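Some notes on the structure that comes next.
The values are calculated or read from the model by the stated rules, or taken from the named source; none is laboratory data. Computed from a predicted structure; not experimentally measured. Here the Cβ positions follow ideal geometry from the backbone for every residue, glycine too, while neighbour counts run over all protein chains shown. Protein only, heavy atoms only, side chains kept; ligands, DNA and RNA dropped before computing areas. Shrake-Rupley method; radii C 1.70, N 1.55, O 1.52, S 1.80 Å.
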Amino acid sequence: MQKVYLDSAATTQVREEVIAKMQDALGECYGNPSSTHSFGRTAKTAIEKTRKTIAKYLNAHPAEIIFTSGGTEADNMILRGAVRDLDVRTIITSKIEHHAVLHTVEELEKEYGIALHYVNLDANGNPDLIHLKELLAKDDTKKIVSLMHVNNEIGNKLDIDAVCTLCKEYNALFHSDTVQSVGHYAWDVQQTPVDFLTAAAHKFHGPKGIGFAYIKKDKGIKPLIFGGSQERGFRAGTEPYHNIVGLEEAFVMSYNNLDEEKAYVTELKQYFIDKIKTEIPEVKFNGLSGDIDKSTYTLVNVNLPVDEKKGLMLLFHLDLKGIGCSKGSACQSGSSLGSHVLTEVLSNEDLQKPSVRFSFSKYNTKQELDYTIQVLKEFVES
């Protein structure tokens with residue numbers, strides 16, 4: 001049976017070079033980075049080198065990069081800190097954000113009594129910037145806007161520069177969950193002046209359990225995790241040195257190969273779109289994922305012409321055929337709940353049909369896509 005992994009939006013295959021770098025780190029550099037002896041200093045030096053490397057690629061200052069366990073912790077750190085430490089009393093977000101944002105802002109509303117507003121979405125799932133402006137102008141409370149750059153389920157790309165401009169106009173903070181775009185798109189936080197962004201290494205061929213938050217200098221957010229003085233006192237806990245150097249290797253390789261790999265994956269996505277339209281003419285693309293120019297090049301989300309009862313067996317059938325993909329986001333894969341993103345953007349009729357997210361990487365081939373679409377066609381026609 002052929003094995004095809006098309007779930008890179010959930011997590012990516014780790015590059016061989018990253019594995020080798022981490023193995024060396026585990027075997028040769030085992031000192032605690034907080035220790036003052038040579039073993040510890042060696043690890044600490046490598047961690048600070050990684051911080052400087054990330055900052056260079058983002059056009060940020062090294063002190064603005066804080067290592068975390070991943071995107072979820074980084075989102076929590078920023079949003080909780082904004083309310084607790086920066087006197088934010090209004091949060092503006094959308095109903096199709098990742099649950100790391102949605103569940104956090106819901107808890108903050110309960111705990112602190114802050115005002116929570118959701119910006120309207122158009123038929124494709126894009127935030128209505130006119131409504132966003134109205135929400136920003138509504139009152140004089142301190143506000144933070146939290147909108148993701150690339151949606152993890154339908155692939156829509158936010159007009160992030162326009163949102164930055166609006167936030168600056170109304171003196172609001174801007175946080176963007178960029179977990180699906182760091183490592184896949186070039187960033188310059190001077191040209192796109194977000195206040196906060198987040199990243200997770202396992203989304204760009206690095207290890208799980210490590211990521212970072214970009215927090216613009218002097219914002220005044222305090223720690224989420226207390227204990228030791230690691231991360232300049234911002235995040236307690238012994239640094240996972242091996243994961244951090246793995247993050248650096250994956251990060252550098254992603255950006256050094258960005259143009260070549262982006263072109264390759266973009267071609268795969270266009271091939272998938274063209275081929276599935278030919279083989280399954282009634283297929284629909286959720287959000288803007290079928291538009292190569294208006295969505296990320298890394299994924300498509302398709303709605304198949306199958307009734308609800310038959311659709312319940314689709315992912316099971318694909319898995320039996322060796323194909324890994326997602327119904328909604330991976331964070332929901334073990335849940336009986338439907339996708340909150342698709343619930344917001346699809347018609348009631350299309351919600352009764354199965355939707356599947358296929359996400360691509362440099363490790364995929366057109367032959368794998370041919371096999372996948374053939375399996376889908378046979379399922380639809382059976």
Please work out which residue is surrounded by the most Cβ atoms within 10 Å (Cβ to Cβ), limiting yourself to the stretch 45-65 and to residues that are free of Cβ contacts under 8 Å to residues at least 60 places away in the same chain and within 24 Å of residue 218 (Cβ to Cβ). 51
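The rows are residues; the columns are (1) more than 19 Å from residue 180 (Cβ to Cβ); (2) open to solvent by 20 Å² or more (accessible area, probe 1.4 Å).
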position	(1), (2)
253	no, yes
272	no, no
286	no, no
289	no, no
309	yes, yes
322	yes, no
338	yes, yes
Would you mind finding the one in 83, 18, 14 that is modelled with pLDDT of 95 or more, assigned to a loop (DSSP other than H, G, I, E, B) and on the phi < 0 side of the Ramachandran plot? 14
Given the options 278, 238, 266, name the one that is touching a residue at least 40 places away in the same chain (Cβ under 8 Å) and β-branched (Val, Ile, Thr). 238
Quick one: which of 275, 203, 208, 216 is at pLDDT 95 or above and in contact with a Leu (Cβ under 8 Å, 6 or more places away or on another chain)? 275
Report yes if some residue within the stretch 184-196 is in contact (Cβ under 8 Å) with a residue 12 or more places away in the chain, of a type outside the set (D, E, K, R) and touching a His at 6+ places or on another chain (Cβ under 6 Å); otherwise report no. yes
Determine whether residue 206 is over 14 Å from residue 152 (Cβ atoms), in contact with a Gly (Cβ under 6 Å, 6 or more places away or on another chain) and either surrounded by fewer than 18 Cβ atoms within 10 Å (Cβ to Cβ) or not hydrophobic (A, V, I, L, M, F, W, C) (or both). yes
What are the residues in the stretch 73-95 that are in contact (Cβ under 8 Å) with a residue 60 or more places away in the chain and open to solvent by 10 Å² or more (accessible area, probe 1.4 Å), if any? 73, 76, 80, 84, 85, 86, 95
So how many residues does the stretch 236-251 have that are of a type in the set (Ser, Thr, Tyr) and either in contact with a strand residue (DSSP E or B) (Cβ under 8 Å, 6 or more places away or on another chain) or crowded, with 23+ Cβ neighbours inside 10 Å (or both)? 1
Here are some residues: 159, 140. Which one is at negative phi, within 18 Å of the chain's Cα centre (by Cα), open to solvent by 60 Å² or more (accessible area, probe 1.4 Å) and without any contact (Cβ under 8 Å) to a residue 40 or more places away in the chain? 159
For residues that are open to solvent by less than 40 Å² (accessible area, probe 1.4 Å), farther than 24 Å from residue 252 by Cβ and among the basic types (Lys, Arg), tally how many sit in the stretch 1-18. 0
Keeping to the stretch 21-58, report how many residues are part of a helix (DSSP H, G or I) and either of a type in the set (A, V, I, L, M) or under 30 Å from the mean Cα position of the chain (by Cα) (or both). 22
